[in-house]
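Below is one structure, written out as structure tokens; the observations come after it.
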Amino acid sequence: MRSIRHFSSLIAIALITATCSSGSTTATSPGSLTPLSTPVAPATTTQPAIDDDAALPGIAFLDVNDFSEFRVHEPGSPFTVNVTLDLAGPVFVRWVDPTGAALSPQLIIRPGASHDLTVPSTQPGWYGLEFTAPAGVILADRVAGEPLIYGFAIAPDIVDQSFPDTGAAFGLVQPDMLDPVTPTWIKTMTTETTGPQWFSQELNHRRALGHEELPIVMGGAWESRNDLPLSDTQRSDLRAELTALFTQQDAAVAWELGLEENLNDGWGSDQYWDNLAVKSRIARDVADAAPNDVRLIYQLATLNPTEIARFLDSPAARYFDVLSLHPYAWPDFPPPASWLSALVADIQQQIAHSGRKLDIWFTEIGVPINAAPQGEFFGYPESGERVAGLDPAGAADFLAQTYALALASGVDKVFWYNYRDAGPERNLAESNFGLVDFRGYPKPAYAAYATSATMLEPAQPVSMEDLDGMSVATFETDSSIIRAIWSDKPTTIDLTQFGDVRRIVSQYGADQLTATILDVTPSVVYVVSSR
């Protein structure tokens, strides 16, 4: 990713929202789903029969109403979605899980009819409303025969954030600060988007909401050519700008200097390193004179150990406190266990060999979710570069695995890129990294993120192991041992080796029945036992 961007809202044709309900609900037409305290068994996928003369061909527009701004709800309380169909139809609707498996029977919604659909479980998790249509009827914003899915989440109990905890491990890029799953650390500001005179006000606003900003110094006085040395004027201007940023009251506690500069022409030249050393030395001098402890971060968008070594060997490395990576696993995004463990171990070894004292953060990492119609192009249309991307469930697996593996391996903080899809373009990879879609509806990765943060944020990392092809990331609190367990291929594990198992929690937050033998899949399971 190359920039922090802000996008305008798009008025969607098909609107959908979820209505909180404190108890049971009544449908406005037959067939509403009754809430259960545990997930229902997969339901039949057969479409109800309709008469040929009952169909009205055309574009089917849905109106679905709610009062939940973020489409996220508390566990234990059912919520209801009201769906009304416009003139074309009918359409079919059912609840589905992250893999697309049915959680309810399909219902017919006829033109002009209205239905109240109640979520089939009150446990934490992701719940999708899947709409399909018969021949001759096309759902708005979809191609013929393509389903339309709107996601909702029941989030685990979220820890109240009355003030930011800068020791927190979870971060999020470009979040909505009011969303209940937004973590302590956020990235929403750069020195190109916010002037020094506004930083203190903006930072205090974020802290009042329980968040700590990680801003980026870029452009302006920081920017320099890679083929010319810095002039005295450039040095003076940079010192003045950083002084205004670092020494003001309530300044940020950490700053990234530059944005993915290793992707620029001229990076790695002798002149680049000389200039970076001059700029980072100025930043270090200003930071050390600031009233608060200020940490300086250098970022690399790479998986290449050679590029990391070049930075560590440079004259600039001594001035930084944190080495940040943006380890996007282009183009295929294979399972993290196949590459991320080795990458982190190599970085740790290189840092130790260099004699530097640098923490490791991932201030961006994410995966594109393929939103294109089946068989159509997905990637970067301008260049013609195709990207496979992951499906929604696969992206949720990737996220949960990444957090467990990275934190257990010694990465201090991980910022997910990003909160919301950057645009409505379904075939553009760059627009489809979000935890929620462009309209604001949660994807399965949203629920996986909430669960991962709930299970791992309060704990300390212990170890990362491979047990007979299974990945086991171990964390601990004062009273519990938490193991995040997954495998690229389905297998089983005997839980008796972990002692007194008190809880088994799915990747999406639902409590599972305790057992001695656990099925292990790419979907992370959290096993909680007594210490």
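The values are calculated or read from the model by the stated rules, or taken from the named source; none is laboratory data. Just so we're clear, the structure is a prediction, and the values are computed from it rather than from any experiment. Don't worry about glycine lacking a Cβ; one is built from the backbone with ideal geometry, like all the others, and counts go over all protein chains shown.
In contact with a helix residue (DSSP H, G or I) (Cβ under 8 Å, 6 or more places away or on another chain) and in a loop (DSSP other than H, G, I, E, B): does that describe Pro111? Full working, then the answer.
On the way: in contact with a helix residue (DSSP H, G or I) (Cβ under 8 Å, 6 or more places away or on another chain): no; in a loop (DSSP other than H, G, I, E, B): yes.
No, not satisfied.
Does Ala515 meet the test of being on the phi < 0 side of the Ramachandran plot, among the aliphatic types (A, V, I, L, M) and part of a loop (DSSP other than H, G, I, E, B)?
yes
Of (1) of a type outside the set (Ser, Thr, Tyr); (2) surrounded by 18 or more Cβ atoms within 10 Å (Cβ to Cβ); (3) at pLDDT below 95, Leu172 satisfies all except one. Which?
(3)
Filter the range 226-252 for residues that are assigned to a helix (DSSP H, G or I) and among the small types (Gly, Ala, Ser) and give the result.
Ser236, Ala240, Ala244
Select from the range 451-465 the residues that are over 16 Å from Gly410 (Cβ atoms) and of a type in the set (D, E, K, R) and list them in ascending order.
Glu457
Given the structure, is Thr191 under 19 Å from the mean Cα position of the chain (by Cα), polar (S, T, N, Q) and surrounded by 15 or more Cβ atoms within 10 Å (Cβ to Cβ)?
Values: under 19 Å from the mean Cα position of the chain (by Cα): no; polar (S, T, N, Q): yes; surrounded by 15 or more Cβ atoms within 10 Å (Cβ to Cβ): yes.
Judged against the criteria, Thr191 is not a match.
Residues in the range 479-500 that are among the acidic types (Asp, Glu) and either modelled with pLDDT of 95 or more or assigned to a strand (DSSP E or B) (or both): how many? Walk me through it before giving the result.
So the first thing to find is which residues in the range 479-500 are among the acidic types (Asp, Glu), and the list is 488, 494, 500.
Subset that is either modelled with pLDDT of 95 or more or assigned to a strand (DSSP E or B) (or both): 488, 494.
Within the range 479-500, residues that are among the acidic types (Asp, Glu) and either modelled with pLDDT of 95 or more or assigned to a strand (DSSP E or B) (or both) number 2.
Which residue out of Arg235, Arg239, Arg284, Arg310 is touching a strand residue (DSSP E or B) at 6+ places or on another chain (Cβ under 7 Å) and not hydroxyl-bearing (Ser, Thr, Tyr)?
It is Arg284.
Kindly evaluate Trp255 against the criterion of being within 27 Å of the chain's Cα centre (by Cα) and either among the aliphatic types (A, V, I, L, M) or not in a helix (DSSP H, G or I) (or both).
Yes: the conditions hold for Trp255.
If you go through the range 467-485 one residue at a time, do you hit one that is among the basic types (Lys, Arg), closer than 23 Å to Pro98 by Cα and out of contact with any strand residue (DSSP E or B) (no Cβ under 8 Å at 6 or more places or on another chain)?
no
Which of the residues spanning the range 258-309 are part of a helix (DSSP H, G or I), among the β-branched types (Val, Ile, Thr) and touching a Leu at 6+ places or on another chain (Cβ under 9 Å)?
Listed by number, the residues that qualify are Val278, Ile282, Val286, Ile308.
On the basis of being at pLDDT 90 or above and among the polar types (S, T, N, Q), does Ser77 make the cut? Talk me through it step by step, then tell me what you get.
On the way: at pLDDT 90 or above: no; among the polar types (S, T, N, Q): yes.
No: the conditions fail for Ser77.
I'd like to know if the range 271-282 contains one or more residues that are in the same structural domain as Glu212 (by TED's automatic domain parsing), surrounded by fewer than 15 Cβ atoms within 10 Å (Cβ to Cβ) and touching a residue at least 12 places away in the same chain (Cβ under 8 Å).
So far as the range 271-282 goes, no, none of its residues is in the same structural domain as Glu212 (by TED's automatic domain parsing), surrounded by fewer than 15 Cβ atoms within 10 Å (Cβ to Cβ) and touching a residue at least 12 places away in the same chain (Cβ under 8 Å).
Rundown of residues vs (1) in contact with a Leu (Cβ under 9 Å, 6 or more places away or on another chain); (2) in a strand (DSSP E or B); (3) surrounded by fewer than 21 Cβ atoms within 10 Å (Cβ to Cβ); (4) acidic (Asp, Glu), yes/no style:
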{"position": "Tyr127", "(1), (2), (3), (4)": "yes, yes, no, no"}
{"position": "Arg142", "(1), (2), (3), (4)": "yes, no, yes, no"}
{"position": "Tyr150", "(1), (2), (3), (4)": "yes, yes, no, no"}
{"position": "Asp165", "(1), (2), (3), (4)": "no, no, yes, yes"}
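Specify which of the listed residues (Pro120, Pro180) is closer than 30 Å to Ile360 by Cβ, in contact with a strand residue (DSSP E or B) (Cβ under 8 Å, 6 or more places away or on another chain) and part of a loop (DSSP other than H, G, I, E, B).
Exactly one of Pro120, Pro180 is closer than 30 Å to Ile360 by Cβ, in contact with a strand residue (DSSP E or B) (Cβ under 8 Å, 6 or more places away or on another chain) and part of a loop (DSSP other than H, G, I, E, B), namely Pro180.
Looking only at the range 342-350, decide whether some residue is of a type in the set (Gly, Ala, Ser) and in a loop (DSSP other than H, G, I, E, B). Spell out the reasoning first.
Let us first name the residues in the range 342-350 that are of a type in the set (Gly, Ala, Ser), namely 342, 345.
Now drop any that are not in a loop (DSSP other than H, G, I, E, B), which leaves none.
No; the residues of the range 342-350 include none that is of a type in the set (Gly, Ala, Ser) and in a loop (DSSP other than H, G, I, E, B).
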